[in-house]
Amino acid sequence: MTDDRKKPPTPGRWTQRALAAGSGLLAGFAALATAELVSAAVRPQSDPIVAVGGAAIDRTPPAVKDWAIQHFGTNDKLVLQSGILVVLALFALAIGIVALRFRRTGAAGVLVFGVVGAVAALSRPDSEGLTDALPSIVGAVVGAVLLYFLIGRLGSPAAAPGPATERPDDQAEETATGTGGGWDRRGFVIAASAAAAASAGAVVIGRSVNAASGQSAVASRDKVVLPRPQSPARPVPRGAQLRIPGISPFTTPNGSFYRVDTALVVPKVDATTWRLRVHGMGVRRPLDLSFADLLGRELIERDITLTCVSNEVGGPYVGNARWIGARLADLLAECGVKPPSKGGPATQLVARSVDGMTIGSPVEEVMDGRDSLLAVGMNGQPLPFTHGFPVRMLVPGLYGYVSACKWITDLELTTFDAYDPYWVQRGWSRLGPIKTESRIDTPKPFARPKAGTVMIAGVAWAQHRGIEKVEVRVDDGPWEQARLAAQDTRDTWRQWSYPWRADKGGHTLTVRATDGTGRTQTQRRTQTIPNGASGWHSVVVTVD
Ligand SMILES: Nc1nc2c(c(=O)[nH]1)N[C@H]1C(S)=C(S)[C@@H](COP(=O)(O)O)O[C@H]1N2
Ligand SMILES: [Mo]
């Protein structure tokens with residue numbers, strides 16, 4: 001480096017490029033930080049990373065989404081957002097280098113990203129209009145101006161400005177950019193440091209404002225006292241929970257209950273301002289209900305096993321909880337709704353959540369006498385935010401994507417012909433009855449148990465039909481009947497076990513279940529799309 005008192009000449013070509021790339025990165029950071037701050041004022045969902053991530057989720061082909069869920073599990077959202085950040089960082093570096101030669105083009109490049117963020121935000125199903133574009137636009141303008149300014153401090157490009165060739169000479173060109181002559185090192189350092197500090201500040205402020213905005217929701221949840229249900233669940237029969245190490249607990253604790261949704265920001269809904277509207281076809285008395293209204297209704301408590309249509313054979317997206325809620329069928333009947341079999345015009349009940357998700361259920365099944373719920377409690381607690389606080393829907397026997405709308409705020413009666421909800425638009429079936437399935441929980445795949453008696457055990461489910469029989473097969477041997485744990489209800493899964501006299505060597509263990517209608521789980525392997533995976537679960541072990 002040269003004398004500080006004189007204006008230094010333009011730095012070497014590589015130094016200059018590195019500084020330009022760094023300027024790009026800084027401009028990107030400033031843009032995102034500004035956007036985060038503005039989004040705190042608008043709403044967290046309008047943040048460009050959240051919007052672009054959400055738009056990507058909306059457009060991901062089901063096969064890729066499935067793959068992501070299989071490989072990253074509940075981390076899929078984190079992986080997606082990190083991926084977006086890495087791509088943005090690479091572009092920001094490139095834009096900085098471009099800006100060194102073409103200052104306006106570089107700055108315009110930053111604006112293009114703002115437009116992408118804005119379009120993504122406006123395209124989300126929960127978009128609340130033009131204000132959702134603000135964070136991306138304001139952020140991009142700040143980033144573009146900053147980049148234009150910083151690049152101006154660097155002086156003209158160190159290499160000769162020929163369009164095709166580069167001269168390998170590191171000598172400074174004395175042509176003026178911005179300040180005239182060489183580079184304005186002092187101005188650059190001051191501007192860059194100030195921008196970095198301001199951006200970091202914006203992130204801190206944005207985050208804390210966002211956290212505070214969820215506080216009223218958190219406070220409203222803390223205040224919820226779940227009423228005693230008029231119709232409590234029967235105690236879980238003592239024999240329903242086997243004492244076998246490694247088996248899934250009969251009741252899944254809230255903290256380990258699987259979570260599947262498209263929300264990059266978990267909606268924090270304030271129960272005191274929450275409303276549920278019931279309207280549409282055949283609704284003679286539309287309803288607009290508060291949380292207090294809902295708690296004031298007759299509440300029932302039921303054990304219901306929920307399953308995701310994206311659950312692979314042997315997969316983890318199934319859980320059983322004790323739910324408290326209002327009977328959905330009664331509520332609909334009070335509004336004048338009749339199921340199709342009683343002459344009602346509506347075939348589909350479309351639930352809409354605060355985040356714009358739409359989930360369509362068959363009115364016939366919802367009202368056929370099963371315990372369809374507007375649930376407010378899960379295992380004795382108000383619903384966790386991740387599981388739909390303050391209210392979610394549940395219909396025993398139907399996969400979550402056609403029944404279990406979380407953060408529900410609207411119920412519309414319509415027909416299957418008139419409207420396709422979110423997942424149906426993406427290639428999944430309109431109807432999603434849960435398929436009969438069984439899973440080996442223990443031994444785990446590739447376990448090395450000792451020869452002798454090895455307990456094979458797991459769960460089987462066929463919600464609303466119940467489980468009648470479970471059989472286990474070792475290698476190509478005969479099907480042997482497993483011992484069934486006591487059944488809680490036909491809406492819950494059922495544990496089973498089989499003491500196996502294991503001899504040394506490699507073995508394949510397979511399970512299959514038969515439901516309450518006498519039908520045995522099919523061997524035919526299908527993928528999860530369009531209406532749930534089928535096939536038998538097998539585990540390979542080596543007995544030592
Ligand atoms: N608002 C909203 N509700 C939703 C979803 C969603 O993405 N958004 N996913 C559904 C799916 S696919 C399933 S399997 C269940 C999962 O509920 P859980 O996360 O409480 O286990 O929620 C359903 N309800
Ligand atoms: Mo699901």
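The values are calculated or read from the model by the stated rules, or taken from the named source; none is laboratory data. Keep in mind the model is a prediction, meaning the values are calculated, not measured. Positions of Cβ are backbone-derived with ideal geometry, glycine not excepted, and every protein chain shown enters the neighbour counts. We work out accessible area using only protein heavy atoms, side chains counted, and drop any ligands, DNA or RNA first. Shrake-Rupley method; radii C 1.70, N 1.55, O 1.52, S 1.80 Å.
Can we say Arg439 is open to solvent by 30 Å² or more (accessible area, probe 1.4 Å) and out of contact with any Pro (no Cβ under 7 Å at 6 or more places or on another chain)? So that I can check it myself, show each step before the final result.
Working: open to solvent by 30 Å² or more (accessible area, probe 1.4 Å): no; out of contact with any Pro (no Cβ under 7 Å at 6 or more places or on another chain): yes.
No; evaluated as a whole, the condition is false for this residue.
Can you tell me which residue among Val278, Val266 is β-branched (Val, Ile, Thr) and open to solvent by 20 Å² or more (accessible area, probe 1.4 Å)? Talk me through it step by step, then tell me what you get.
Numbers: Val278 fails: open to solvent by 20 Å² or more (accessible area, probe 1.4 Å).
Answer to the selection: Val266.
Can you report the number of residues in segment 492-508 which are surrounded by 23 or more Cβ atoms within 10 Å (Cβ to Cβ) and either farther than 11 Å from Gly458 by Cα or out of contact with any Phe, Trp or Tyr (no Cβ under 8 Å at 6 or more places or on another chain) (or both)? Lay out the reasoning, then the answer.
Of segment 492-508, the ones surrounded by 23 or more Cβ atoms within 10 Å (Cβ to Cβ) are 492-496.
Filter once more, keeping what is either farther than 11 Å from Gly458 by Cα or out of contact with any Phe, Trp or Tyr (no Cβ under 8 Å at 6 or more places or on another chain) (or both): 492, 496.
Number of matching residues: 2.
Test each condition in (1) on the phi < 0 side of the Ramachandran plot; (2) within 14 Å of ligand 1 (Cβ to nearest atom) for Ile440 and report the one that comes out false.
(2)
If the Cβ limit is 7 Å and pairs must be 6+ apart or interchain, which residue in segment 251-272 that is closer than 15 Å to Val391 by Cα pairs with which residue that is open to solvent by 50 Å² or more (accessible area, probe 1.4 Å) and assigned to a loop (DSSP other than H, G, I, E, B)?
From residues that are closer than 15 Å to Val391 by Cα, the pairs are Pro267/Val354; Val269/Val354.
Considering only residues that are buried (at least 24 other Cβ atoms within 10 Å of the Cβ) and part of a loop (DSSP other than H, G, I, E, B), look in segment 384-395 and name the one that is nearest to ligand 1 (Cβ to nearest atom).
Ranking the qualifying residues of segment 384-395, first place goes to Gly388.
From the list Ser310, Ser290, which one is under 25 Å from Pro125 (Cα atoms), within 16 Å of ligand 2 (Cβ to nearest atom) and either charged (D, E, K, R) or open to solvent by less than 50 Å² (accessible area, probe 1.4 Å) (or both)? Step through it out loud before you land on a result.
On the way: Ser290 fails: within 16 Å of ligand 2 (Cβ to nearest atom).
None of the others qualify; the one that does is Ser310.
Would you mind finding the one in Thr252, Thr273 that is away from ligand 1 (no atom under 16 Å from the Cβ), in a loop (DSSP other than H, G, I, E, B), at pLDDT 95 or above and among the β-branched types (Val, Ile, Thr)? Please lay out each step first, then the result.
On the way: Thr252 fails: away from ligand 1 (no atom under 16 Å from the Cβ).
It is Thr273.
Among Ala18, Ala55, which is modelled with pLDDT of 85 or more, more than 30 Å from Val318 (Cα to Cα) and either assigned to a helix (DSSP H, G or I) or open to solvent by less than 50 Å² (accessible area, probe 1.4 Å) (or both)?
On the way: Ala55 fails: more than 30 Å from Val318 (Cα to Cα).
Every option except Ala18 fails the conditions.
How many of the residues in segment 314-339 are within 16 Å of ligand 1 (Cβ to nearest atom) and either aliphatic (A, V, I, L, M) or not in a loop (DSSP other than H, G, I, E, B) (or both)?
Quick first cut of segment 314-339, residues within 16 Å of ligand 1 (Cβ to nearest atom) only: 315-325, 328.
Within this subset, residues satisfying the condition of being either aliphatic (A, V, I, L, M) or not in a loop (DSSP other than H, G, I, E, B) (or both) are 318-325, 328.
Counting residues in segment 314-339 that are within 16 Å of ligand 1 (Cβ to nearest atom) and either aliphatic (A, V, I, L, M) or not in a loop (DSSP other than H, G, I, E, B) (or both) gives 9.
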